[in-house]
Each structure stands twice: as structure tokens, then as C-alpha cells.
Amino acid sequence: MATTTLNLIGLDKAGYKGKSSTLCQGCGHNSISSQIIAACFDLSLDPSKIIKLSGIGCSSKSPAYFLGRSHGFNSLHGRMPSVATGAVIANHKLKALGVSGDGDTASIGIGQFIHMLRRNVPMVYIIENNGVYGLTKGQFSATADKGQVLKKIGRNPFMPVDVCLEAFVANCGFIARSFAGDPRQVRELIKAALTFDGTAILDIISPCVTFNNRDESTKSYVWGKGHEEPLHDVTLVPKREEIEVDYEPGEVTEVEMHDGSRLMLKKLDRDYDPTDRMAALALLHQAHVDQLLVTGLIYLNRDQETLLDVQGMVDTPLGALDEKALRPSPESLKEIMASMS
Amino acid sequence: MSTHEVAALEAGSQLAGEEIVNDFSMVVATVNGSGSQTSNMAIIRALFRMGLPISGKNLFPSNIQGLPTWFTIRVSADGFVARRDATEILVAMNKATLVEDLQSLVPNGVCFHPDDFEPGLLARPDITYYPMPVQQLVREAAPPKEMRDYIANMVYVGVVANILRIDLGEIRHALETHFQGKAKAVAMNMDVVESAAAWAETNLTKRDPYCVRRDQQTEGLILVDGNTAAALGAVYGGVGFAAWYPITPASSLAEALGDYLPSLRTDPETGKATYSIIQAEDELAAIGMAIGAGWVGARAMTSTSGPGISLMAEFSGLAFFAEVPVVIWDIQRMGPSTGLPTRTSQGDIMFVRFLGHGDTRQVMLLPGSPAECFEFGWRAFDLAERLQTPVFVMSDLDLGMNLWMSEPFVFPDKPMDRGKVLTADDLERLGSFARYRDIDGDGIPYRTLPGNEHPLSPYLARGTGHSEEAVYSERPDDWEANMERLLRKHTNSRTILPRPVIDLSAGAEIGLIGFGTTDPAIMEARQRLLGKGVDTSYLRLRAVPFVEDVGEFIEEHDRVYVIEMNSDGQMRQLLQLEYPELAARVRSLRRNNGLPLTARWITDNLLAAEEI
Ligand SMILES: Cc1ncc(C[n+]2csc(CCOP(=O)(O)OP(=O)(O)O)c2C)c(N)n1
Ligand code: SF4
Ligand SMILES: [Mg+2]
């Protein structure tokens, strides 16, 4: 008899799966879905306490393909942040996980994206970045590189939007970049994001095998494999678990996350401190200049108020309040009426 | 017809020396931003407290400071509160519009004016002029610089009160209400009012026939604007979440929520809020947030006006199709486009009715008074949650921003209807769940709320084609079945929507159909028409889709006039669409000039249409 591994809440990995994907074979988005499943399983999250949200695009379809035991909302093109904002306010006990595309976020949705960050809406926000519009068949998105060539479309004459830089400027407290071809890192960063209180941005290069996977494209598998430069080796140790690996002294930076989990950043080639704001800015700039896919946790600031902190709401979710809490007394109405007569 | 002739008609026969009690319109002409609002409110409230039926309408420019503004106060012993075309009394505080303002006065009208206006400007010989020593009294009061304008406006309050016999005690009372008991502000303003009144007593002789006398017609009534009423309705309807983006004339609705919620909806034990308000970055985000909150189970709303409604089109279609409850207040202003931001209209009827692409149909409520704004304020949540659909409440600038006499608001007469929501226990008992299945045959499916821990509970809400299980589907039969169910739901919604208010006049051949703020003008017009031997029935719509009563009403009358404030006769068109077999009977009386309808316009145009 084959044994299935169960996590701390007694679910196996299948408990986090969704319907089978209808995306293209080899699409980066599928690989990210798998890592969302793995991350939630690893963290033993209760699927009924997660809501998944998306906009419109191939990427935004993927909530159907993971977390089948979670409620979700496949909303409008570029407008998922607003729906997520309202949802999180109506029930602050739910963990929101958003999946978007580069078109969804950086083109039509850049406004809502920035305002979500400005409000620090507590949620994980993944951009499955392939530099094209997959679902509408291969037009340039706003993250396409200047000078990039697409078969049918021609050459892109405009500078790309860097969603990590946008997030940085908008004071996002958790900014990570990763590559769908580096599944372990994707998984660990998603786990880290899930333990963060505030908007956590994950810009994941996610190749579109159908429309933008030529080797010279910065959003292709081959380019990613050849140019990825991880900042560190990331491991998220959930709060209830022991740290199993023995690290050499000075080799690892340990960061405590909001829920008590520990993020272990093992040093690779360079010294990098993700809490250093100017270092993060320089890094993003230099990566662009050097045309390198620098991945890992780029910026972390755990000390910012979230939207929920400033709204000052009762502990019971607004969506679960009963009539007694919601409808003031008849006497109070009488008083108001008296003041108007 | 020249303005003068019109004015003469309106004034009727006015004999010199005979008093005209409790029946006139007064216009205060000022400059926007000059602080006259406090003065006008003081006069209105004082008249109201004297027991006189009044209405006040502010015709203001889309401008912060410097352009002309007219505030109209109507006193009517007969209880009519519609705007009138004619003005008997002018308080001329704006020299720039003086000539025009004087022109629009009735023969033998009255004009109060600062005494430094050149005599040459006051050219109409039939008018009774009352100069007011505004500069002198302001100098004597020596107010702080930033209060000068307010104080100057208090001078006319005092002089007008003296000449028209408005009770100064009631003016004081009104100021106390206005300044919420801030004694210093009340005293400073009241001092000027009193010295102005005293000055008038010694220096002016009453030479005009207009005056007020205490009555008891406002006992038990309140004075309120529709946006405050709407906000209170939402508060007592249990609003959990409101998102908005500033726009005239809707802003004051969200601001009133912000005024009332902290005191009414703070948890006494923890001091925390049982609500949340967000000023969004635009109307797209405002409705998106409200939809997100509605999906999760909070009573969610947004409030806006025409341009915002345009931006909300895509989301409105999503909420209709994904079946998410949400309440949207449209405080209509004049469009198309930016139009006239500070002028009223009923021009969004057709657009909102079908807001969203594809075959979208929206439910609309049509409040006709502040009391109905309050009632629909809470009822809209019950309807949205029961029907799992957006509910649009179609108010307008006139209703939303002007002060109205109103019956006091009635506390909701039934518990909240939270609609068909399945709990984990329900799911355990039922053993199966499909989000878009029509179990009860009324077209309304059951929903679960995110957070429900039962494994049967989750579903992926979507604006894409879906099966009963909310799974993406392109199957023609799934699509058709879903659209048929949505239509069934929409059709059935009539049974729980507010019914029209009908006043049948036995034997009347003419039926009038109206909705919203045209109500007072229509009521008054019916009286006038009766005086000319023209009998009419009246149906006031309160919701779309229409109930059968509407069709029956049309059937019962030879000629039905739909009276509305838009250029295309939008409600008329909706009625003709709904009742094609009766379309020929349905005629249109429409006016769309930015001003609230008047009874005279309706009367004249109906008589002309009837060739009487
Ligand atoms: C308002 C609106 N405009 C256009 C579209 C068409 N549309 C669907 S998906 C898409 C682009 C998706 O690109 P991206 O977000 O990068 O997702 P991908 O498919 O690449 O994963 C567009 C333009 C739409 N659905 N809605
Ligand atoms: S078109 Fe591109 S983005 Fe869309 S599923 Fe296929 S590979 Fe993925
Ligand atoms: Mg894309």
C-alpha cells in the first residue's frame, strides 16, 4: 500500500490541487500552480481560509487549477486588486492569494496595482510574467523588453515596466523575483510571502511556450536558465518546525516573519541584505543594466501598517456580523429624527 | 412669452394693500463661496419651525468661488414643494446678476439689496426696494476677517426676517442647529441678525404684501437632504463596507456615512468599527471593492454619479453575471459626459437599466423623497442579497443635495433578509451543492461564503460562461440554461420590489406616470389641471423591472404621459419596450434643462399636448 504524506492538518497534497490545467503543455504558469499547491501543503494552510483571486489572462485562469478547496474569484482584466481589497476587508481572517499576468498587472491594471500597494492590502500577489498577452495570442505586454522581436508583431519600441521597481516605489514591504524554471525557489518564496503581513509581490518569470519562448527573449526558459542569478538560497521554516539543516556560522541570515516562521537566506556569491532599501534599488537597476535575471527576496520591510491595521475593525469579520451588530437601535433613529425636526 | 408676462400670469391678481400670507418664492442671489449657505439654512429652518411648508433649492455653479449662485426658498400654505418659475422676493447680494435677477421678479415684486448698489441699477419702477446697510453693520460687528462674508450674509437674514415677520427666536434656534450648539458662533451671527432686524424696524417701512404667519403644517416632520437620508438608510440597513470616489452630487452621501457610522456602529465593548469606508482611486476600484466585499458576505455599497456609472459598467455586468450582491447609488446629474455637474437630471435611466455588455439587466429603485431614500437605503441590501444581483438606487441632485421636508424615517419593519446563504451545517445536511443551480424554481441559486469550512462549499466565482457548478463551460446548453435562469430570476424579482404608488381617478382618460423628484411638481400640476377641468390618474414608479400594475394602469387610460427629466424620454422608451401592445398610448412629457420640473411647465405642456 502506497503511503501518502499528510501535513499538520491531515491533508495530503491532492487536497490542495484544482482541476486539471487547460493551459499549454510546458507553460510556466502550470509550474507556478504546482508550487502554490506545494507551498500551501508545506505550510499546512487550511484551504477554506484561503481565497484565490485573479484578473483575466492565461495566468488568471490558473486559480481553477490549484486549491480546489478554496473559494476564488476570477474577476476582470486588471481589476483583481480592488476585488481583493474588498474581500480582505469583509473577512480579514482569510488569506488572499492573487494571481495575475504581466498584461493584467503592468498594462491595464497598473493603476489598481499601485493603489493596492499604497494601501498595503494584506495579500500575496503573484505576477506570472511572460512579456506577452498569452490569452489574446501574443501581443506585447508592458513588461516586454525594448527591441524585443515577436514573430507576428515585430519589434517592441518601448521600455519595459519593471513590476518590482513599481512595487518598490509604491513602498511594498515584500518584493521578490523568481523564475518558473527554478521551482524550489518559487515554492520557498511563495511560502515566505504567505507568512508576510502586508502586500507581498512575487514577479515570477513564467515563459509562454507558445508566443514568447525564443531563446533570445528574456522571458524564455533558455534565457532564464542561462541568466538566472539567485541572490541567496531561500528556505522558509514554518513556525512549528525545527530547522533541520546545519548552517555554517555567518552563512545564513535568519529573518523572523510575522507569523513566527523563519526565513533562512543562505549566502551564495554575494552579500545581500534585503532589508537595505538602497541596496534593493541598486540591485534592480543593475540587474536591468546587466541584463541578468536576479532572483530571490529583493526587499523586505516588516514594519509597515497594513490596510487592516488602519481600518480599525472589530475582530468578527464584517461579512459575518449579525443583525444585532449591524443595525443600530430604534431609539438611536428617534434621536436623529429629533435633531432634524 | 417674455419673463414679465410669465411672471404676471403666475402672480395672478394681486391687490395692493392685501396681505399675502405664507405663499411666495424668494431667491437669494449670491456669489458662490461667499458663505451664504448658513444664512439660507437659517431662514429655511426658521420658516419650517414656524410650521410653514417650505422647500429650498440651491442652484449652484460648478465652481468653488466667484460664480453666481441662487438659493430658492418656497413657502406654500397649500403644502406644494416643487420649484416654481416665478419669484416674488429677491435678496440681491450679487451685483453681477442684479439686472437679470430683477427681470425675473413678478410685477410688484420685492427686492432687498445692499445700500451701496447704484440707484440706476434698480430700474424697475414696480418693485418694492429695501436697502440694507450691509457694510455699516458688518463694520459695527467687527468680526474676525475670515468671518466677514458670513456676517455680511447675516444682515439680510435680519432685515428679511423683520420685513417678512419671521420669528427671530426661530432664527436663533436654527443657528443653534446649524452650529451644533457652538455658543460663540451662534452669538456672533445672532448679534448681527438682531441688529439688522432692529435697524430695519427703525428705518424701513413695510410696503409689500408678503409675510409669514405661524402655522402647524410641519409638526412631526423633519428637514433633511436625500443623501443624508440615503446614508442613514444604509446605516440602519447594516452597511458593512462602502467604497466611493468623490463626485458631485454624490459625495455628500459617502460623507454622511462617515459622519454617522462612527457614533452608530462602533462596538461598545472594543471601540472598534463594525464597518469600513474606503475612498477608492476611481469608480472602477470603488465598485470592484464593493463587489469583493459583497462576495465575501458584507453588505457592500458604492455611491456615484453619471461619469462614475460609466466607469462601473464592466463591473456591473460582472456582478450581474457572477451574481454578487452590491448596492450602487446613482445621484444623477446632467449628462452626457461631464455635462452640468451641479444640475439635476434623470438621464441615466436607460444606461443603468442595461448597464454592462451582453444581455445585462439591472434592478433599479426609484426613490421620490428623503423618506424613500432612507427606506430604499436599507431595503436595497435586502434586495441585493435576496436576489444576488446589483441593485441601483436612482436618486438625483435635486433629491440628494437639497433640503426637503419629510416624514420622519421609519425604522425597518422587518429583520434583515440575508438571502440564500448556506452554512457548513446546511451543506452537511444537504450533501451536495452547486452554486448556480436553481433549486427553488425562482431562478435564485444558493451561495456559500468564503471562509465556510465545509469541503462542498468552495466555488470559483467568474464572469466567464459557467455550468451550474461554476466550472468554466462553453457548452451552448449551459449558456442558454444559465441565461434563462437569470431572466427567470429577474422576472421574479418584481414580486419583492417596491410597488408603484397609484392614485386612480375614476373615469380619468389621462394617466400620468412619473418617478423620483418630479413627484411634487406632478402633484401640484394635477391640482392645477383639476382646476381647469382636466382629471388625471397618477402612477409613480418606484422600481424597474415593472410590476403588472404598471401595464394595467396604462391599459386603463386612453392617453398616458410619462413625465421625466431627460431629453430622450428614457422611461417612456422602457415602458414601450415592456408593453409593446400599449406603446401607442404612451406619450412623453420631458424637459431636461438642469432645473427641477415645475408644475406650471407640466400643466402648460399637458394642456398643449391635449390641445386644450
Ligand atoms: C477589458 C478587457 N480588455 C481586453 C481583454 C482581452 N484580454 C484578455 S487576456 C488579455 C491579456 C492577458 O495578458 P496577461 O495578463 O499577460 O496574461 P497571460 O495570458 O499572458 O498569462 C487581454 C488583453 C479583456 N478580457 N478585457
Ligand atoms: S498561450 Fe502562453 S501563456 Fe497562454 S497557456 Fe499557452 S503558453 Fe501559457
Ligand atoms: Mg502575459
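Screening the candidates B:Ala161, B:Ala152, B:Ala142 for the property of being at pLDDT below 95 and under 19 Å from B:Asn40 (Cβ atoms) yields one hit, B:Ala152. On the basis of being in contact (Cβ under 8 Å) with a residue 60 or more places away in the chain and open to solvent by less than 30 Å² (accessible area, probe 1.4 Å), does B:Gly306 make the cut? Here the answer is no, as B:Gly306 does not meet what is asked. Residue under question is A:Ala200, and the condition is that it be away from ligand 1 (no atom under 16 Å from the Cβ), surrounded by 15 or more Cβ atoms within 10 Å (Cβ to Cβ) and not in a strand (DSSP E or B); does it hold? No; evaluated as a whole, the condition is false for this residue. Restricting attention to region A:261-302 and to residues that are more than 24 Å from A:Ile205 (Cβ to Cβ) and in contact (Cβ under 8 Å) with a residue 60 or more places away in the chain, the residue that is surrounded by the fewest Cβ atoms within 10 Å (Cβ to Cβ) turns out to be A:Arg302. Residues of region B:98-135 that are of a type in the set (S, T, N, Q) and over 22 Å from B:Ala42 (Cα atoms): B:Gln103, B:Ser104, B:Asn108, B:Thr128. Quick check on my filter: what residues within region A:133-153 are under 23 Å from A:Phe168 (Cα atoms) and within 16 Å of ligand 1 (Cβ to nearest atom)? A:Ser141, A:Ala142, A:Thr143, A:Ala144, A:Asp145 - these are the residues of region A:133-153 that are under 23 Å from A:Phe168 (Cα atoms) and within 16 Å of ligand 1 (Cβ to nearest atom). Taking region A:209-226 as the search range and keeping residues that are closer than 11 Å to A:Leu293 by Cβ and more than 16 Å from ligand 2 (Cβ to nearest atom), which one is surrounded by the fewest Cβ atoms within 10 Å (Cβ to Cβ)? Across region A:209-226, the extreme among qualifying residues is A:Gly226. Within region B:251-266, identify whether any single residue is out of contact with any Leu (no Cβ under 6 Å at 6 or more places or on another chain) and within 7 Å of chain A (Cβ to nearest Cβ), and answer yes or no. Scanning region B:251-266 turns up at least one residue that is out of contact with any Leu (no Cβ under 6 Å at 6 or more places or on another chain) and within 7 Å of chain A (Cβ to nearest Cβ). Residues in region A:143-195 that are touching a helix residue (DSSP H, G or I) at 6+ places or on another chain (Cβ under 6 Å) and charged (D, E, K, R) were compared, and the one that is most open to solvent (accessible area, probe 1.4 Å) is A:Arg187. Restricting attention to region B:50-71, the residues being assigned to a loop (DSSP other than H, G, I, E, B) and more than 16 Å from the chain's Cα centre (by Cα) number 11. Confirm whether A:Phe158 is within 14 Å of chain B (Cβ to nearest Cβ) and either within 16 Å of ligand 3 (Cβ to nearest atom) or over 23 Å from A:Thr85 (Cα atoms) (or both). No. Counting only strands (runs of 3 or more DSSP E) that sit wholly inside region B:322-403, those with at least 3 residues that are touching a residue at least 24 places away in the same chain (Cβ under 8 Å) and open to solvent by less than 10 Å² (accessible area, probe 1.4 Å) are B:326-334, B:363-365, B:390-396. Checked across region A:214-225, the condition of being away from ligand 1 (no atom under 16 Å from the Cβ), within 30 Å of A:Glu305 (Cβ to Cβ) and either in a strand (DSSP E or B) or of a type in the set (Val, Ile, Thr) (or both) holds for no residue. Looking for whichever is away from chain B (no Cβ under 14 Å) and touching a strand residue (DSSP E or B) at 6+ places or on another chain (Cβ under 7 Å) here; the options are A:Gly134, A:Gly181. Which one fits? The conditions single out A:Gly134. Apart from one condition, A:Leu307 fits all of (1) more than 14 Å from chain B (Cβ to nearest Cβ); (2) open to solvent by less than 20 Å² (accessible area, probe 1.4 Å); the exception is (1).
Candidates B:Ala470, B:Ala481: the one that is more than 8 Å from chain A (Cβ to nearest Cβ), small (Gly, Ala, Ser) and not in a loop (DSSP other than H, G, I, E, B) is B:Ala481. The set of residues in region A:32-64 that are within 13 Å of ligand 1 (Cβ to nearest atom) and either at the interface with chain B (Cβ under 9 Å from one of its Cβ atoms) or open to solvent by less than 30 Å² (accessible area, probe 1.4 Å) (or both) comprises A:Ile32, A:Ser33, A:Ser54, A:Gly55, A:Ile56, A:Gly57, A:Ser59, A:Ser60, A:Lys61, A:Ser62, A:Pro63. Within region B:421-447, the residues that satisfy the criterion of being touching a Gly at 6+ places or on another chain (Cβ under 8 Å) and either part of a strand (DSSP E or B) or of a type in the set (S, T, N, Q) (or both) are B:Val421, B:Arg447. Can you pull out the residues in region B:323-357 that are in contact with a Phe, Trp or Tyr (Cβ under 8 Å, 6 or more places away or on another chain) and farther than 26 Å from B:Arg542 by Cβ? Selection gives B:Thr342 alone.
Scanning region A:227-260 for residues that are β-branched (Val, Ile, Thr) and surrounded by 11 or more Cβ atoms within 10 Å (Cβ to Cβ) yields A:Val234, A:Thr235, A:Val237, A:Ile243, A:Val252, A:Thr253, A:Val255. Within region A:95-116, being more than 13 Å from ligand 1 (Cβ to nearest atom) and buried (at least 24 other Cβ atoms within 10 Å of the Cβ) holds for A:Ala96, A:Leu97, A:Met116. Of the candidates A:Val209, A:Val163, A:Val169, the single residue that is modelled with pLDDT of 95 or more, within 16 Å of ligand 3 (Cβ to nearest atom), over 14 Å from the mean Cα position of the chain (by Cα) and among the aliphatic types (A, V, I, L, M) is A:Val209.
For first residues located in region B:277-299 and facing another protein chain (nearest Cβ under 7 Å), partners that are among the basic types (Lys, Arg) and surrounded by 24 or more Cβ atoms within 10 Å (Cβ to Cβ) and lie 6+ apart or on another chain with Cβ distances below 7 Å form the pairs B:Leu284/A:Arg79; B:Gly288/A:Arg79.
The values are calculated or read from the model by the stated rules, or taken from the named source; none is laboratory data. Predicted, not measured: the structure shown is a model, and the values here were computed from it. Glycine gets a Cβ as well: all are built from the backbone with ideal geometry, and neighbour counts include every protein chain shown. Just the protein is used for accessible areas: all its heavy atoms, side chains included, with ligands, DNA and RNA removed. Shrake-Rupley method; radii C 1.70, N 1.55, O 1.52, S 1.80 Å.
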